[in-house]
Amino acid sequence: PNIQKFFNAALMKGLETDSGLHSRVYDLIKELNRVCPSILLAVLPQLQEKLKSSDVNERLEVTRLLAEMFSDKGSELASQNKQLWNCFLRRFNDIEAAVRAEWVGTCKN
């Protein structure tokens, strides 16, 4: 519950926390996904909403993050979270060229 509260505050409300970790929230998600993906189940819907954000930089950051998470060795994220996977795939048709380019760039790796 505390992890969910932290990510809810950082991702959805944009609140700074006393820990100073706010600026590294995507790095934290990436690392938690590698060691214990199940801990992020409540966070994934928030990432999906970030993919739909009107803020281009936000969409870029989340596209990069999810590309890494989906491509991690042994990752079952796409098969276990089809809704998030489909939302990620739609970035191929993003209105912003930079987001489309980032998405295509992740496919090369």
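The single condition among (1) within 12 Å of the chain's Cα centre (by Cα); (2) at pLDDT below 95 that residue 92 does not meet is (1). When the residues of segment 4-25 are filtered to those that are exposed (fewer than 14 other Cβ atoms within 10 Å of the Cβ) and in a helix (DSSP H, G or I), the one that is modelled with the lowest pLDDT is 23. For segment 91-109, residues that are out of contact with any Phe, Trp or Tyr (no Cβ under 8 Å at 6 or more places or on another chain), surrounded by fewer than 16 Cβ atoms within 10 Å (Cβ to Cβ) and of a type outside the set (A, V, I, L, M, F, W, C) total 5.
The values are calculated or read from the model by the stated rules, or taken from the named source; none is laboratory data. Note that the structure is predicted; figures quoted are calculated from it, not measured. When we count neighbours, we look across all protein chains shown, and the Cβ atoms used for this are built from the backbone with ideal geometry, even at glycine.
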